[in-house]
1. Would you tally the residues in segment 241-264 being within 24 Å of Ala134 (Cβ to Cβ) and not polar (S, T, N, Q)?
2. Kindly indicate the residue of segment 8-23 that is aliphatic (A, V, I, L, M) and touching a helix residue (DSSP H, G or I) at 6+ places or on another chain (Cβ under 8 Å) and also modelled with the lowest pLDDT among those meeting that condition.
3. Identify all residues within segment 244-264 that are touching a residue at least 24 places away in the same chain (Cβ under 8 Å) and closer than 16 Å to Thr156 by Cα; write none if there are none.
4. Is segment 235-257 home to any residue that is within 30 Å of Gly26 (Cβ to Cβ) and in contact with a His (Cβ under 7 Å, 6 or more places away or on another chain)?
5. Could you check segment 53-64 and list, in sequence order, the residues that are surrounded by fewer than 21 Cβ atoms within 10 Å (Cβ to Cβ) and either touching a His at 6+ places or on another chain (Cβ under 7 Å) or part of a loop (DSSP other than H, G, I, E, B) (or both)?
6. Just to verify a result, which residue in segment 102-130, among those that are among the hydroxyl-bearing types (Ser, Thr, Tyr) and not in a helix (DSSP H, G or I), is surrounded by the most Cβ atoms within 10 Å (Cβ to Cβ)?
7. Among the residues of segment 187-239, write down those that are touching a helix residue (DSSP H, G or I) at 6+ places or on another chain (Cβ under 9 Å), polar (S, T, N, Q) and within 26 Å of Ala134 (Cβ to Cβ).
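The values are calculated or read from the model by the stated rules, or taken from the named source; none is laboratory data. This structure is a prediction, so every number in the text was calculated from the model and none was measured. Positions of Cβ are backbone-derived with ideal geometry, glycine not excepted, and every protein chain shown enters the neighbour counts.
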Amino acid sequence: MGRQGLYANPVVYDILYTSGTAGEMGAFTQLEMQFAPGRILKGSLWFEPACGTGRYLRLAQKRKKRIAGFDLDEGQLDYARQRFKVPPDALFQADMADFSAAARESNLEPGSVDFAINPVNSIRHLDSDQAMLAHFEQMADFLKSGAVYVVGLSLTDYEYLMPEEDLWQTGRGHLKVSQLVNYLPPEPGTAKDRVEQVISHLTVEGPNKTEHFDDTYDLRTYDTKQWRDLVGKSRLDHVGSFDAFAKPLDGRVLAYQLEVLRKP
């Protein structure tokens with residue numbers, strides 16, 4: 001993603017998405033306890049690809065976890081470094097498909113990660129199966145044996161393709177932020193048969209002016225079989241599917257779910 005719209009302003013990004021983070025962290029902690037019970041002591045290492053402004057890692061650090069993360073956008077990382085105290089090399093700039101060298105330069109050792117997260121569809125910015133498998137391969141390198149990787153994503157039902165819309169509204173201090181998001185589904189039989197287009201309309205209201213920003217980007221789509229088949233080609237095992245509250249899906253079809261992967 002380029003620095004445009006929402007991503008060009010880390011402060012606005014953080015205001016918009018920080019609300020509800022504590023609840024999401026509760027779900028992650030439950031999954032850590034269930035699937036990585038030997039790694040929940042203080043001092044375990046949490047790792048987040050595409051960490052943005054570090055809203056999850058901030059809470060993990062408050063809960064006495066060691067943390068590491070990276071993002072493609074240096075501006076988001078700079079904001080995260082300013083917002084909370086982290087070790088000098090804890091946050092680094094990298095692409096999800098090619099982060100191994102940058103991780104080593106930041107003193108993240110292979111086989112050192114106890115628990116990893118990649119929520120809110122961030123992983124779907126990887127635009128091909130090859131890029132996703134490259135990401136999984138590197139994650140497997142840095143996870144300890146038995147460590148867990150929780151991926152939050154929306155899966156696609158290609159038999160039911162309709163445009164969708166979300167509205168997010170929040171504020172902090174004198175700023176009010178709202179984001180209207182339109183999701184345009186993939187187009188079967190075309191070059192966009194695995195592409196969901198996301199259109200963001202952002203409004204930032206301050207004490208003296210109101211600004212509007214538009215942004216468009218693509219997310220790669222997966223149905224359940226495509227996702228499971230791809231995970232099956234990696235060195236990670238799929239061990240469970242859960243809702244946003246860490247409750248097993250048990251056959252439910254949801255708009256968003258947490259997929260728990262583990263390194264054998």
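1. Start the filter on segment 241-264 by keeping residues that are within 24 Å of Ala134 (Cβ to Cβ), which leaves 241, 257-264.
Among the residues that remain, those that are also not polar (S, T, N, Q) are: 258-264.
Looking only at that region, the number is 7.
2. First, pick out the residues of segment 8-23 that are aliphatic (A, V, I, L, M): 8, 11-12, 15-16, 22.
Subset that is touching a helix residue (DSSP H, G or I) at 6+ places or on another chain (Cβ under 8 Å): 8, 11-12, 16, 22.
Working: Ala8: 73, Val11: 88, Val12: 88, Leu16: 88, Ala22: 92.
In this case the residue turns out to be Ala8.
3. Correct list: Val253, Ala255, Tyr256, Gln257, Leu258, Glu259.
4. Within segment 235-257, the subset within 30 Å of Gly26 (Cβ to Cβ) is 235-257.
Keeping just the survivors that are in contact with a His (Cβ under 7 Å, 6 or more places away or on another chain) gives none.
Within segment 235-257, none of the residues are within 30 Å of Gly26 (Cβ to Cβ) and in contact with a His (Cβ under 7 Å, 6 or more places away or on another chain).
5. Arg63, Lys64
6. Start the filter on segment 102-130 by keeping residues that are among the hydroxyl-bearing types (Ser, Thr, Tyr), which leaves 106, 112, 122, 128.
From what's left, not in a helix (DSSP H, G or I): 106, 112, 128.
Details: Ser106: 19, Ser112: 16, Ser128: 11.
So the residue we want is Ser106.
7. Thr216, Thr221, Gln226, Ser234
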